[in-house]
1. In region 371-400, which residue that is more than 19 Å from the chain's Cα centre (by Cα) and open to solvent by 10 Å² or more (accessible area, probe 1.4 Å) is nearest to E270 (Cα to Cα)?
2. Would you point out the residue of region 61-92, among those that are touching a strand residue (DSSP E or B) at 6+ places or on another chain (Cβ under 8 Å), in a helix (DSSP H, G or I) and open to solvent by less than 10 Å² (accessible area, probe 1.4 Å), that is farthest from the ligand (Cβ to nearest atom)?
3. Would a scan of region 316-332 turn up a residue that is touching a strand residue (DSSP E or B) at 6+ places or on another chain (Cβ under 8 Å), among the charged types (D, E, K, R) and over 30 Å from I215 (Cβ atoms)?
4. Give the residue, chosen from K437, K421, K442, K430, that is among the basic types (K, R), open to solvent by 40 Å² or more (accessible area, probe 1.4 Å), more than 20 Å from A251 (Cα to Cα) and part of a loop (DSSP other than H, G, I, E, B).
5. Name the one entry in G228, G211 that is buried (at least 18 other Cβ atoms within 10 Å of the Cβ), within 14 Å of the ligand (Cβ to nearest atom) and in contact (Cβ under 8 Å) with a residue 60 or more places away in the chain.
6. What pairs come out if I take residues in region 354-374 that are in contact (Cβ under 8 Å) with a residue 40 or more places away in the chain and pair them with residues that are open to solvent by less than 40 Å² (accessible area, probe 1.4 Å) and assigned to a helix (DSSP H, G or I) whose C-beta lies under 7 Å away, six or more apart or interchain?
7. Can I153 be described as within 18 Å of P214 (Cα to Cα) and not aromatic (F, W, Y)?
8. Restricting to region 264-309, what's the tally of residues that are within 16 Å of the ligand (Cβ to nearest atom), open to solvent by 10 Å² or more (accessible area, probe 1.4 Å) and not aliphatic (A, V, I, L, M)?
Amino acid sequence: MSLALKSDYAKQFLRENDTLGLIPQIEAAHKTIQNKKDDMSAFLGWADLPFNYDKEEFARIKAAAKKIQSDTDVLIVIGIGGSYLGARAAIEFLKGPMYNEISDGFPKVYFSGNNISGSALNDILKVCENKRVSLNIISKSGTTTEPAIAFRIFRKYLVERYGEAEASKRIYCTTDKARGTLKELADQNGWESFVVPDNVGGRYSVLTAVGLLPIAAAGLDIDALMKGASAAAKDYDVLDVEANPCYKYAALRNAFYRKGKSVELFVSYEPRFVMLGEWFKQLFGESEGKDNKGLFPAAVTFSTDLHSMGQFIQDGTRIMFETALTVNSVDNDVTVEYDDNNGDGLNFLAGKTLSYVNHKAFEGTVLAHADGGTPTLNITIDKCDEENLGRLFYFFEKACAISGYVLGVNPFDQPGVEAYKKNMFALLGKPGYEESKAELEKRLNK
Ligand code: PA5
């Protein structure tokens, strides 16, 4: 298991001093993390999580996952933002985006409550027909509207199908250990409950029960995931920007930002990384985008998006750099066969694997984009397994925290997320929000 960061394809865009000049700030960020780990209000619980986690709860997660596997065909995971992206990213990274179609004997996992779409919700209800269903409701606050609506509907569905007592055995709740509506409901109804630690924010919570229960229920090895994260926690604690790829990455992205490259494209060449890109977007977007600062995180999948976004990346406004995630050893490969007629002219590829062709696409793209003014940082991992994923999760979490401190923002709050909620609640007539309703409607020309 290893992770390497290559900046060769970005060399022509940077001078040595660009990252060297950031070393004092990286060192200060490193010390902040070291010194504040025990301060609950600093939200640094993720930093030691790979070894400092609740072992009793970890065993309960594995037992609950076994029970789900034995009595469930469809597990509905209800949550939004940090309360679903990590689990979904992990399942797709390890099993591919078609994991629900390619049945491997484990429960299918569907994610709900991450939007307010009736049709999306009805589609999942349809999937549940004639299937044995369980629910994992995940909300740290226990009050978020999107998952709360979905949970009300799915819970009623379970009670109608199974009766109150059996439904309660099929509901797993992941929330705050003491506070919130969900915690109260869980206590009243006796649902098996798991905890989102106080000092771990939503987008840093994939290695808590938030991510671990759905990941384990899907048949994946959460011991190996934690092992990879734990090795990463050790490796990326080294205070040497040149030798520590996590700190080097934080320095490089801040160096690009200071040169006007304010958009970071998370680039993957495998569709199984698409949801990891969504997780990356939330992690960096919510952590850094504040106080009128921050790199805008976007994600593209190549070669797919070379046929849509490729034109802009090659030739449009010069505001981006790329962080491409590639994998050294691809399983489940395909080889192009020789064809006697060669009607399609593809015999020059005969005997070549798709991973080889994909890699040539990567090399060609990196050079073309460099020529067009878009540099690429390249993160490589050995293979797509749990240990490598655990390492990747930790790598990005720590790089994000360090980067946020270097940028001069608090990487662990998200004050901007409240603005839409206040307006939506007022417009919906939620008690307590009456005052601003009339003014908002006037602005909407109602
Ligand atoms: O990172 C965060 O804190 C947020 O994105 C939350 O994960 C998201 O808003 C969901 O919140 P909750 O788990 O409280 O329902």
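The values are calculated or read from the model by the stated rules, or taken from the named source; none is laboratory data. Computed from a predicted model, the values in this text were never measured in an experiment. Backbone-built Cβ (ideal geometry, glycine too); neighbour counts: all protein chains shown. The accessibility values were calculated without ligands, DNA or RNA, using every heavy atom of the protein model including side chains. Shrake-Rupley method; radii C 1.70, N 1.55, O 1.52, S 1.80 Å.
1. Filtering region 371-400 down to residues more than 19 Å from the chain's Cα centre (by Cα) leaves 371-377, 382.
Narrowing the set further to residues that are open to solvent by 10 Å² or more (accessible area, probe 1.4 Å) leaves 371-373, 382.
Details: D371: 24, G372: 23, G373: 24, D382: 14 Å.
Out of the qualifying residues, it is D382.
2. Going residue by residue through region 61-92, those that are touching a strand residue (DSSP E or B) at 6+ places or on another chain (Cβ under 8 Å) are 61, 64, 68, 71-79, 83-84, 87-88, 91.
Now drop any that are not in a helix (DSSP H, G or I), which leaves 61, 64, 68, 71, 83, 87-88, 91.
From what's left, open to solvent by less than 10 Å² (accessible area, probe 1.4 Å): 61, 64, 68, 87, 91.
Working: I61: 17, A64: 19, I68: 20, A87: 12, I91: 18 Å.
The qualifying residue farthest from the ligand (Cβ to nearest atom) is I68.
3. For region 316-332, residues touching a strand residue (DSSP E or B) at 6+ places or on another chain (Cβ under 8 Å), among the charged types (D, E, K, R) and over 30 Å from I215 (Cβ atoms): absent.
4. Working: K437 fails: part of a loop (DSSP other than H, G, I, E, B); K421 fails: part of a loop (DSSP other than H, G, I, E, B); K442 fails: part of a loop (DSSP other than H, G, I, E, B).
Matching residue, one of K437, K421, K442, K430: K430.
5. Numbers: G228 fails: within 14 Å of the ligand (Cβ to nearest atom).
Criteria check complete, one pass: G211.
6. Listed by first residue and then by second, the contacts come to H369/I313; T374/I313.
7. Working: within 18 Å of P214 (Cα to Cα): no; not aromatic (F, W, Y): yes.
No.
8. Looking only at that region, the number is 9.
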